[in-house]
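Worksheet for the structure shown next.
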Amino acid sequence: MASVWLQKAKLAVLLLILEVVFIVLFALTTDYEDSAKPPASLHVKQGNDSQATHVGGHGDSHSGPGPVATYYPMFQDVHVMIFVGFGFLMTFLRRYGFSSVGLNMLVAAVAIQWAMLVAGYLHGHGGKVHVGVTTLLTADFAAASVLITMGALLGKTSPLQLVVICLLEIVFFAVNEWVGLSVLQVADVGGSMFVHAFGAYFGLAVSRVLYKEDVTKSKIEGSVYHSDIFAMIGTIFLWLFWPSFNSALAVEDAQHRAVINTYLALAACCVVTFAVSSLTDQHGKFDMVHVQNATLAGGVAVGTSADMMIGTHGALIIGSVAGALSVIGYKYITPFLSSKLKIHDTCGVHNLHGMPAILAAIAGCIASLLADTDSYGYTLYRQFPPRVPSNESSLEFQMIKQHMDVEPGLGRTGSQQAAFQIAALGITLLVAIVGGLLVGVIVRFVPLNQPRGLYLFEDKDNWEVPEDPSEVGAPLLHAKGETETALLKA
Amino acid sequence: MASVWLQKAKLAVLLLILEVVFIVLFALTTDYEDSAKPPASLHVKQGNDSQATHVGGHGDSHSGPGPVATYYPMFQDVHVMIFVGFGFLMTFLRRYGFSSVGLNMLVAAVAIQWAMLVAGYLHGHGGKVHVGVTTLLTADFAAASVLITMGALLGKTSPLQLVVICLLEIVFFAVNEWVGLSVLQVADVGGSMFVHAFGAYFGLAVSRVLYKEDVTKSKIEGSVYHSDIFAMIGTIFLWLFWPSFNSALAVEDAQHRAVINTYLALAACCVVTFAVSSLTDQHGKFDMVHVQNATLAGGVAVGTSADMMIGTHGALIIGSVAGALSVIGYKYITPFLSSKLKIHDTCGVHNLHGMPAILAAIAGCIASLLADTDSYGYTLYRQFPPRVPSNESSLEFQMIKQHMDVEPGLGRTGSQQAAFQIAALGITLLVAIVGGLLVGVIVRFVPLNQPRGLYLFEDKDNWEVPEDPSEVGAPLLHAKGETETALLKA
Amino acid sequence: MASVWLQKAKLAVLLLILEVVFIVLFALTTDYEDSAKPPASLHVKQGNDSQATHVGGHGDSHSGPGPVATYYPMFQDVHVMIFVGFGFLMTFLRRYGFSSVGLNMLVAAVAIQWAMLVAGYLHGHGGKVHVGVTTLLTADFAAASVLITMGALLGKTSPLQLVVICLLEIVFFAVNEWVGLSVLQVADVGGSMFVHAFGAYFGLAVSRVLYKEDVTKSKIEGSVYHSDIFAMIGTIFLWLFWPSFNSALAVEDAQHRAVINTYLALAACCVVTFAVSSLTDQHGKFDMVHVQNATLAGGVAVGTSADMMIGTHGALIIGSVAGALSVIGYKYITPFLSSKLKIHDTCGVHNLHGMPAILAAIAGCIASLLADTDSYGYTLYRQFPPRVPSNESSLEFQMIKQHMDVEPGLGRTGSQQAAFQIAALGITLLVAIVGGLLVGVIVRFVPLNQPRGLYLFEDKDNWEVPEDPSEVGAPLLHAKGETETALLKA
């Protein structure tokens, strides 16, 4: 028993050290962003300052609604997606519900703190990292990426492995996102490339390295009736709030468009998912796995182009294709990946996030290619800042300048922007796969309590689990009279 | 087996055709609404336009918060009601949880796309249908109506029947709503008449036509312990967000009032529901069916008058009466409808939506009758536009004109408005019942896979269902060794 | 049977009388607040008023967003916490899920109506109680306090007892809060002292008085696998929306800060909870009770100082300490309270609300002590109004007056304010414990159907419960063939 305790205590000690490190780093390197501090105009100065600003709506806050009013409602929708959505979506496993919703919470809580720091250091300009409601929002996005990775690994990794993966993945994630947004300057409003494709292929790479034969022999990888309904809690909240995910950081008409396009893509995706699920079933029935997952693929697939002028029908088409693609993935590609390529993907993140994200990148590429001032007017340059002419004295730049506050850009054409969009996908896949393989090697060969045999897909490895009368007769550990330590070494 | 597959494939094919039709219709007949497109002032014109407008808050968006800021939070509350609320409320059935939450999602996803088109064509002025966040909101309202209908039919109809009903019902719904709002010009801010009464009586009419004896013999129409708790997820989210449903489209002080009145009506309704549920039980206990449903009746019952000056006590009274009425409905009226009138109402929508909606119409009628400028000031004419005098040169019209931008109205008195309110209820009931009977005949006699016998209230008819150890011994299909095709013909 | 019915009918009759009393009191003593009524400028006056105000955004509403836009989204988050959060958190008990989520709803529905009246009378100035969206919000806060009390008593009290406790507790709650906010003028933006400490210690005091030996002998006080997952629905929604709870009533930069601090405190608390839960378990595993509850302690512990300048690291430290403290409470203090002090605490509210709230008060005291114009600028006087100088003609007052609309205050120093903060905690504990003991005596000795023996932690005492195949073999009432009336007298 003591040795089991010691093994598990490794994670506990890591978590405590981690939290101390977070506290120190936040103390030394972060500060509230300006709008979360008393306004400078209200600082107490010596003497009588002539331009007094009043507390209470007449001062700094006069220039429009503050960041809480602007971002908080959509931030909370995204927050629900991360913790309720992802958490419950993974509870479909019959004996892994505690881990699904519990470890989802733990990993996300680590991810959001760490992501604020790492992204802050990368995007920062040497000064302190400024923390505000948009920081919380982007930290949640980063957590989403890690949780997608967790979906590929669900039931096959220890909590300790998951936390280590989280810490390392956040770094790769932040670098890749920084390259895409700041270097390549591509558009990806819903993070389909930087969050979904990245998280999925990173997870699949880790899964490949961790692959062991045991996984194919588990008798409890699967759902029971009630666990499938728990999972639908996650599905529905993800489906509902995806428009917020794709539009939270968009502005003005583009934000409105992102809401509409995501709503429509999801509706179409849902309809097509049911159709293809039935068509590919030998009895013509629906498969709960498809409804839980493929219905969401439309949200991923429209994520890069959601704020572009793709038209309402464009959104429907993207959503429809995503639904079909995702069901086909669950039906034919996941078994292939598992049996032939030894890539076991517990939640099918390749179908829900991976392939739809590639579709998203392609749709974003096409929409970028077609984008011009006929459809966007001068907002073209807000939507694609690199398309602003680089020559400040050109007539074109002067005309744009009349309509918006703008810095000289890179003078890209539509096809150049489209090429950069695809390049960003390529780099993302490269970083994700290479990073995932590296991290996989680390967490496989460092002794981090990877579960084996009967501990796969089994909460009892990590949780004190109450007896459940409904599971009598199911292939549980205790029912078999096997001791836990014996099994752990199996 | 092949014949089963072919039967089921009818739905899949219908869904695929439908989605293609939606894509074509959206492409040809819809467009984003103005605030979801680049502002006209930022269109690129030839030459140098002298009145430049700046991107980024200084241009068109200066005249107040945009539609996303204004409508999105309440839209999302309503969205949660439609997909989580209705979906989980119906999971109370022990063997129909997949269908409840899954088909709820499918039917709603069809309904929202179709409703945007149909309502757009009806309300449009020949041009393209403009899609914005309020379009999404009203599409969700239309879906609510169809889902209420589905509640009456739950467990007794095939997915194919439900989709066909949805397509037809949306047309009747949209026409009836258009008559009520545009022709009769009545007030119904929470859609109690046009959504709740319509959906409930339409569903009851369909149910009457579809009635077969089998329904009374099912041994699995009912809940188990856990399924009742799943249903409470739906109940609570509906209860919480109902103030958003009733106030999302109201403005200014009327919106604030609608929030308050709905909150109070629901609180009172909850208290009275528990009391009457206990009083009418032979052991004095509470009945979960009442708590799941009757607690919500207050939201329906205050829906027509929520934004009117009914007083806080008025809201409490309406909510209290609704709770009592609804419990009595479940206890005494539903069994009567089923046994005597052969109207089987699975979720008791007559009690949660039907009767409370009639109460709502009566309350709205009374509140309209009493409405005058003493209590409303000049906002009387914003609340009831037909009460604006028709004679533009009258002194009264001139005085109103000084206070608000107003078109000449119909010069209705309070009692005339009240009469129109009740007329709208009558027409709604008529359209719902006649439409429901017609649609019932269609879906009964066209071969649309209506389930029979052991397939009633049973997910296995439509879903690949995992084995559930907790259901061993329950009257399941496979336990009986009966073949599915045999049963389907039973 | 009739005598059972009569016993239960006591509650039903009380509820009906109560609702009638509420209706009368609301009719006589309340009104909508101004922004929920037609604006005065639109009242119809005789003659032609020269200063006409237009309906529709050009009149009274011009001075910023209205209360619905400002408060409604966060109010709804809090509303979800009260009804979904508390309700589902308590469903962890294997046979008490109906009561947990159902009675939570009933008690809260009584509490919010009663709290509006009681708080309105206390804070009012003789006139009518004005009801607006902030009234609904503070009513929800009051309900939270009662539901925390209910958590201590869960499974051991009849619905009738709970309603009586609710009615009495709300009065003590409102008086204590009024003393704290209006007399002592302390800061407690998230209600950690006035809601959490109060509710917890009030509940523990009632529990002490109600203590009977039976409680220690129950075989069904505990969870099953699925009920623990239901409880996580409550946990996650509480965890997600706690930033709204702590910031809903804060303003400007302080509101933004409260969001950030609460988010960070909860993230840190979650990480530390998992660590300490594992370390204190003999097998190094996680305990679901800790994850369900202790992860939330950070939200309580940062509640008093959330809007103060505690720094991001301050929030992390407070959250971390709270998580550790709470787990240790569940592990060692709750068993001690139960066995030695005869204080049985079903949900462990002492660990989730009680001790973390004391921590909150201490953190708030320290933050108040350190607060000065260096860190707050002139907003110091918005944050701590009693620190405004009392002498209106002093130079200091004049300088403050230049920056904000301010009334003369009490001229408190930082250390004086800190002392008052701690005094408020002391008074809160005193009122809670004395009030709880008094109320406990009332509900114990007045015959209010307190459950005994096999009726403890058992829904069948209060609900018509469907048979559940998964519970066959569990120690249920009917399985034992015992008559209910016999048991009731046990």
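Exactly one residue out of B:I422, B:I442 is in contact with a Leu (Cβ under 8 Å, 6 or more places away or on another chain), more than 9 Å from every other protein chain (Cβ to nearest Cβ) and either open to solvent by 30 Å² or more (accessible area, probe 1.4 Å) or basic (K, R) (or both): that is B:I442. Among residues of the stretch A:26-40 that are at the interface with chain C (Cβ under 7 Å from one of its Cβ atoms), those with a beta-carbon under 8 Å from a residue that is aromatic (F, W, Y) and crowded, with 21+ Cβ neighbours inside 10 Å at least six positions away or on a different chain give the pairs A:P38/C:Y376; A:P38/C:Y378.
Restricting C:I112, C:I148 to residues that are touching a His at 6+ places or on another chain (Cβ under 6 Å) and modelled with pLDDT of 95 or more narrows the list to C:I148. For the stretch A:323-332, the set of residues classified as among the hydrophobic types (A, V, I, L, M, F, W, C) and crowded, with 19+ Cβ neighbours inside 10 Å consists of A:A324, A:L325, A:V327, listed by residue number. Scanning the stretch A:152-161 for residues that are in a helix (DSSP H, G or I) and either in contact with an Asp or Glu (Cβ under 8 Å, 6 or more places away or on another chain) or under 14 Å from A:V209 (Cα atoms) (or both) turns up A:A152, A:L153, A:Q161. Residue selection: A:A419 satisfies the criterion of being without any contact (Cβ under 8 Å) to a residue 60 or more places away in the chain and closer than 16 Å to A:S368 by Cβ. Filtered by the rule that a residue be among the aliphatic types (A, V, I, L, M) and open to solvent by 10 Å² or more (accessible area, probe 1.4 Å), the stretch B:237-249 gives a lone residue, B:L249. In the set (1) within 30 Å of A:G97 (Cβ to Cβ); (2) more than 12 Å from every other protein chain (Cβ to nearest Cβ); (3) surrounded by 24 or more Cβ atoms within 10 Å (Cβ to Cβ), C:A231 fails one condition alone, (2).
Considered as a group, the residues in the stretch A:212-225 that are in contact (Cβ under 8 Å) with a residue 60 or more places away in the chain and facing chain B (nearest Cβ under 7 Å) include one that is least open to solvent (accessible area, probe 1.4 Å), and that residue is A:V224.
Screening the candidates A:T149, A:T157 for the property of being of a type outside the set (D, E) and under 14 Å from A:A111 (Cβ atoms) yields one hit, A:T149. Selection of the stretch C:432-466 for residues being outside any helix (DSSP H, G or I), within 27 Å of the chain's Cα centre (by Cα) and of a type in the set (A, V, I, L, M) yields C:V446, C:L448, C:L456.
For the stretch C:268-304, the candidate set comprises residues that are over 21 Å from the mean Cα position of the chain (by Cα), among the hydrophobic types (A, V, I, L, M, F, W, C) and at the interface with chain A (Cβ under 7 Å from one of its Cβ atoms); within that set, the residue that is nearest to C:G85 (Cα to Cα) is C:M288.
Does B:A315 qualify as being touching a helix residue (DSSP H, G or I) at 6+ places or on another chain (Cβ under 6 Å) and within 14 Å of chain C (Cβ to nearest Cβ)? Answer is yes for this residue. For the stretch C:301-384, the helices (runs of 4 or more DSSP H) that sit wholly inside it and include 3 or more residues that are over 18 Å from C:H256 (Cβ atoms) are C:311-328, C:334-339, C:355-370. For the stretch A:216-239, the set of residues classified as at pLDDT below 90 and in a helix (DSSP H, G or I) consists of A:T216, A:K217, listed by residue number.
Annotation for the stretch A:161-181: at least one member residue is open to solvent by less than 10 Å² (accessible area, probe 1.4 Å), on the phi < 0 side of the Ramachandran plot and over 18 Å from the mean Cα position of the chain (by Cα). For the stretch B:303-313, name all the residues that are in contact (Cβ under 8 Å) with a residue 12 or more places away in the chain and open to solvent by 10 Å² or more (accessible area, probe 1.4 Å). Correct list: B:D307, B:M309, B:I310. Of (1) in contact (Cβ under 8 Å) with a residue 60 or more places away in the chain; (2) farther than 30 Å from A:E467 by Cα; (3) more than 9 Å from every other protein chain (Cβ to nearest Cβ), A:G127 satisfies all except one. Which? In the conditions (1) in contact (Cβ under 8 Å) with a residue 60 or more places away in the chain; (2) farther than 30 Å from A:E467 by Cα; (3) more than 9 Å from every other protein chain (Cβ to nearest Cβ), A:G127 misses (1) alone.
In this entry, B:G319 passes the filter for residues that are more than 17 Å from B:V195 (Cα to Cα) and touching a residue at least 40 places away in the same chain (Cβ under 8 Å). Looking at A:S50, A:S63, just one residue is more than 9 Å from chain C (Cβ to nearest Cβ), surrounded by fewer than 24 Cβ atoms within 10 Å (Cβ to Cβ), at pLDDT below 95 and under 28 Å from C:L249 (Cα atoms), and that residue is A:S63. Checked against (1) crowded, with 16+ Cβ neighbours inside 10 Å; (2) in a helix (DSSP H, G or I); (3) not β-branched (V, I, T), A:Q402 meets all criteria but (1). Give the residue that is farthest from B:L316 (Cα to Cα), with candidates limited to residues of the stretch C:88-117 that are open to solvent by 20 Å² or more (accessible area, probe 1.4 Å) and of a type outside the set (D, E, K, R). Ranking the qualifying residues of the stretch C:88-117, first place goes to C:F92.
Output the residue which, of all residues in the stretch C:403-412 that are under 30 Å from the mean Cα position of the chain (by Cα) and not charged (D, E, K, R), is nearest to the other protein chains (Cβ to nearest Cβ). Filtering first and then ranking leaves C:G409.
Restricting the stretch C:240-257 to residues that are more than 9 Å from chain A (Cβ to nearest Cβ) and in a helix (DSSP H, G or I) leaves a set whose member that is nearest to C:Y381 (Cα to Cα) is C:N246. Can you confirm whether the stretch A:255-277 contains a residue that is in contact with a strand residue (DSSP E or B) (Cβ under 8 Å, 6 or more places away or on another chain), open to solvent by less than 10 Å² (accessible area, probe 1.4 Å) and within 30 Å of B:S3 (Cα to Cα)? So far as the stretch A:255-277 goes, yes, one or more of its residues are in contact with a strand residue (DSSP E or B) (Cβ under 8 Å, 6 or more places away or on another chain), open to solvent by less than 10 Å² (accessible area, probe 1.4 Å) and within 30 Å of B:S3 (Cα to Cα). Within the option set C:S375, C:S394, C:S415, being modelled with pLDDT of 90 or more, farther than 29 Å from C:M193 by Cα and surrounded by fewer than 18 Cβ atoms within 10 Å (Cβ to Cβ) holds for one residue only, C:S394.
The values are calculated or read from the model by the stated rules, or taken from the named source; none is laboratory data. Just so it is clear, the model here is predicted, and its values are computed rather than measured. Neighbour counts run over all protein chains shown; Cβ positions are idealised from the backbone, glycine included. Note: accessible area is taken over every heavy atom of the protein model, side chains too, but ligands, DNA and RNA are not part of it. Shrake-Rupley method; radii C 1.70, N 1.55, O 1.52, S 1.80 Å.
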